[in-house]
Amino acid sequence: KQEVTQIPAALSVPEGENLVLNCSFTDSAIYNLQWFRQDPGKGLTSLLLIQSSQREQTSGRLNASLDKSSGRSTLYIAASQPGDSATYLCAVKQGAQKLVFGQGTRLTINP
Amino acid sequence: DAGVIQSPRHEVTEMGQEVTLRCKPISGHDYLFWYRQTMMRGLELLIYFNNNVPIDDSGMPEDRFSAKMPNASFSTLKIQPSEPRDSAVYFCASASGGTNTGELFFGEGSRLTVL
């Protein structure tokens, strides 16, 4: 059974810092991995999608990497801003169209 | 496109009442998913549809839960009778075909409180 773990559960950093969020998964047989952002009381917003054949994807200040063999992904946020404060979730897609989610990392950027 | 639209955004009801949650997927998307989010269990897939047909409902907790998709632009999730442990945020999401590689788009969620 696929398990997705995100560590740490919460992270607080000062504005302007570069930071890395971690996601690990137990079964490397995945189709893709997706990073989401969730603001309090809101739905999930897709940030980046990495196909199993890809190593990384970039969007603006965000860069996500994927290492299938080791079962790891990282989300790198450059020059963090208070508006980046949110919960970040990673999810892996396996067969039968199912996404398995991690529990998320709650990120706080302090001005 | 307006994105995935869910209603109601908030629902407070008493134990034993019927609850109906609604979802309009993104136009052209042929996959629709219902998820439930709680603090204890995180996000759980309840059921998903492809071309309006239920494909996997193994995540539906019990017979009190049912979901339908009468057409490509509308789906409902019904709980009857509701119980306090059903309190959660219910999300609808949609994706385009070839969804082994496709991106998933979520609605804003319906926050259900059962007293």
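No value in this document is a laboratory result; all are computed from the given coordinates. Everything numeric in this text was worked out from a predicted model, so none of it was measured. Positions of Cβ are generated from backbone atoms using ideal geometry, with glycine treated the same way; all protein chains shown enter the neighbour counts.
Calculate the FRET efficiency for B:LYS68 and A:SER53 from the Cβ-Cβ distance with a Förster distance of 45 Å, rounded to the nearest 0.05.
Values: r = 36 Å, r/R0 = 0.81.
In this case the efficiency is close to 0.80.
Provide the convex hull volume over Cα atoms per residue for chain A, in Å³. Could you put the intermediate results ahead of the total?
On the way: hull volume 10.3 nm³, N = 111.
It comes to 93 Å³ per residue, whole-number rounded.
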When the chain is fully extended, how far beyond the present Cα-Cα distance does B:THR38 get from B:ARG85, taking 0.36 nm per residue of separation?
15.9 nm
Enter the mean projected area of the convex hull around the alpha-carbon atoms of chain B, in nm², rounded to one decimal.
6.7
Two pseudo-spin positions, 7 Å from Cα along C-beta at A:SER28 and at A:SER69, lie apart in nanometres by 0.7
Charge tally for neighbours of B:VAL53 with beta carbon under 12 Å away, counting Lys, Arg as +1 and Asp, Glu as -1, is -2
For A:LYS42, give me every one of the aspartates and glutamates with a C-alpha distance below 17 angstrom, ignoring sequence neighbours fewer than eight places off in its own chain.
A:ASP84, B:GLU11, B:GLU44, B:GLU108
Past 22 Å, Cα to Cα, is the threshold; run A:LYS93/B:LYS68; A:LYS93/B:LYS78; B:LYS24/B:LYS68 against it and keep the listed order.
A:LYS93/B:LYS68; A:LYS93/B:LYS78
